[in-house]
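Student: Right, I'll just put the structure down here and ask away after.
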Amino acid sequence: MPKGARAALLAILAAALYAINIPLSKLLLERGLTAPTMLAALLYLGAGAGLGGYGLLERRLHRGPAPEPLTRRELPYTVAMVALDIAAPILLMLGVARCNAANASLLNNFEIVATSLIALAVFREAISRRLWLAIGLVTAASVILSFEGGGAFEFSAGSLLVLGACVCWGFENNCTRMLSGKSSTQIVIIKGCFSGLGSLIVALVLGEPFPALPWLMAALALGFVAYGLSIKCYIMAQKDLGAAKTSAFYAVAPFLGVAFGMALLGERPGPQFWAALVIMAVSTVLMVRDSI
């Protein structure tokens, strides 16, 4: 299989694995089974611990040259990646707790806007006219989703928190892009363990308790799949596609998240949501066509 096609499949798989995150996290938060910052911590700790076990298995089964480990040279990008991965999931979980899962899932597409603009401004990645149009459409749809219902001309706090998470992940995606030639398993272990511990400290300072053991294990397992395996696939895709194009393929995640949210939570969004969904769908087609 050509490298580009394999990378595209990895990016889509990453999106599918991540798509279960918001609906299942919303379920845990809605039922009071855990608190937002504690859940953010457990998701990343699950990713780090799960990929730690995966890494041991990978080393035993691996044939051929081992992937390059991270070195001191990559330290600034690694530190920035960890710090941003503490802030982003906390903002996301606080946002998910305050708005419905369908809106939060769809707003996640703003991460593509942030990633692409930062890739242009900082790393000089090219952005085509088609991608500029897609970015404009995603931004317009995000504004529509961010307004409170009932005719109130004010922004939803939950939506703004989700958008804040997307901006953090936009910076983080570009930092991770600078590490994508290294061991993807090692990167996810560092992300999971250090970002998870940072979020855990914040949760304990805020006085959030640990959930009951069954829900603690459920959150760790969700983190392993939705963050750990998803991020590993994402990093492997970035190596051949670059940050902006990988984010474009990853754009299917919000639509899958919307479907899961409706199925699991019985959500029935209003006209505002469906208008934004159509705009997001058009922008996603533009982004994927631009990346092929």
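The values are calculated or read from the model by the stated rules, or taken from the named source; none is laboratory data. These numbers come from a predicted model, not from an experiment. When we count neighbours, we look across all protein chains shown, and the Cβ atoms used for this are built from the backbone with ideal geometry, even at glycine. For accessibility, only protein heavy atoms count, side chains too; no ligands or nucleic acids. Shrake-Rupley method; radii C 1.70, N 1.55, O 1.52, S 1.80 Å.
Student: Check cross-link reach from K3 to the lysines: straight Cα distance under 27 Å, and skip same-chain residues fewer than eight apart.
Tutor: Hits, sequence-local ones excluded: K182, K191, K232, K239, K245.
Student: What are the ³J(HN,Hα) couplings of region 218-231, residue after residue, when phi is run through the Karplus curve with 6.51, -1.76, 1.60 and θ = phi - 60°? Round to Hz, x for glycine and proline.
Tutor: Along region 218-231, the couplings run 5, 5, 4, 5, 4, x, 4, 7, 6, 10, x, 5, 5, 5 Hz.
Student: Measuring from the lowest to the highest alpha carbon on each principal axis, how far does the chain reach, largest first, in angstroms?
Tutor: Rounded to whole Å, the extents work out to 59, 50, 32 Å.
Student: Something else about it: Provide the three semi-axes, in whole Å and in decreasing order, of the ellipsoid equivalent to region 2-95 as defined by the square roots of 5 times the Cα gyration tensor eigenvalues.
Tutor: 29, 18, 15
Student: Let me ask another. Report, in whole Å, the centroid distance computed from the Cα atoms of region 208-280 and region 1-49.
Tutor: 5
Student: Return the loop-located trypsin sites (Lys or Arg not before Pro) in region 1-39 (DSSP other than H, G, I, E, B) with at most 10 other Cβ atoms within 10 Å of their own Cβ; answer none if there are none.
Tutor: Sparse-neighbourhood loop trypsin sites (Lys or Arg not before Pro): R31.
Student: Let me ask something else. Counting only heavy atoms of the protein chains, get the accessible area per residue of region 98-177 (1.4 Å probe) and round it to a whole Å² value.
Tutor: That works out to 41 Å² per residue.
Student: For the ranges 200-210, 10-20, what's the packing order if you count other beta-carbon atoms within 10 Å of each residue, average per peptide, and put the highest first?
Tutor: The densest-packed peptide leads the list: 10-20, 200-210.
Student: Through the Karplus equation 6.51 cos²θ - 1.76 cosθ + 1.60, θ set to phi - 60°, convert the phi angles of region 14-29 into ³J(HN,Hα) values in whole Hz; use x for Gly and Pro.
Tutor: Computed from phi, the couplings for region 14-29 are 4, 5, 5, 5, 6, 4, 6, 4, 5, x, 6, 5, 4, 4, 5, 6 Hz.
Student: Can you pull the three principal axis extents for the Cα set of region 77-156, in Å, largest first?
Tutor: Cα extents, longest axis first: 42, 33, 19 Å.
Student: Please identify, among A121, A102, A253, the residue showing maximal mean-square fluctuation in a Gaussian network model of the chain using a 10 angstrom Cα cutoff.
Tutor: A121
Student: Quick check on the chain: helices-only [θ] at 222 nm, where DSSP H runs of length 4 and up contribute -39,500 (n - 2.57) each and the sum goes over total residues. Nearest 500, please.
Tutor: Estimated from H runs of four or more residues: -24500 deg cm²/dmol.
Student: Of G95, G196, G53, which is the most mobile in a GNM of the chain whose springs link Cα atoms less than 10 angstrom apart?
Tutor: Looking only at G95, G196, G53, the biggest GNM fluctuation is shown by G53.
Student: From largest accessible area down, sort R124, R130, R289; use a 1.4 Å probe on the protein chains. Please list the in-between numbers first.
Tutor: Details: R124 180, R130 95, R289 145 Å².
Ranked from most to least accessible, the order is R124, R289, R130.
Student: If each residue of separation counts as 0.36 nm, what is the full-extension length gain between L57 and V205 once their alpha-carbon separation is subtracted?
Tutor: Numbers: separation 148, 0.36 × 148 = 53.28 nm, distance 3.55 nm.
Additional length available on full extension: 49.7 nm.
Student: Going by amide H atoms built from the backbone, whose H comes under 5 Å of the H on L179, apart from near neighbours?
Tutor: none
Student: Separate question: Given a 1.4 Å probe, how much area per residue of region 210-260 is accessible, in Å²?
Tutor: For region 210-260, the solvent-accessible area averages 35 Å² per residue.
Student: Could you list which residues have their amide H under 5 Å from that of F147, counting only those 5 or more apart in sequence or on another chain, with H placed in the peptide plane?
Tutor: For F147, the qualifying residues are S156.
Student: Next up: From the backbone phi of region 197-209, what are the Karplus-calculated ³J(HN,Hα) couplings (6.51 cos²θ - 1.76 cosθ + 1.60, θ = phi - 60°) in whole Hz, Gly and Pro given as x?
Tutor: 5, x, 5, 5, 4, 4, 4, 5, 4, 6, x, 7, x
Student: So what's the net charge close to W274: Lys and Arg +1, Asp and Glu -1, counting the other residues with Cβ under 13 Å from its Cβ? Numbers along the way, then the final one.
Tutor: Working: positive: R268; negative: E267.
My count for the surroundings of W274 gives 0.
Student: Leaving ligands, DNA and RNA out of it, report the carbon-plus-sulfur percent of the accessible area of the chain at a 1.4 Å probe.
Tutor: C and S atoms contribute 69 percent here.
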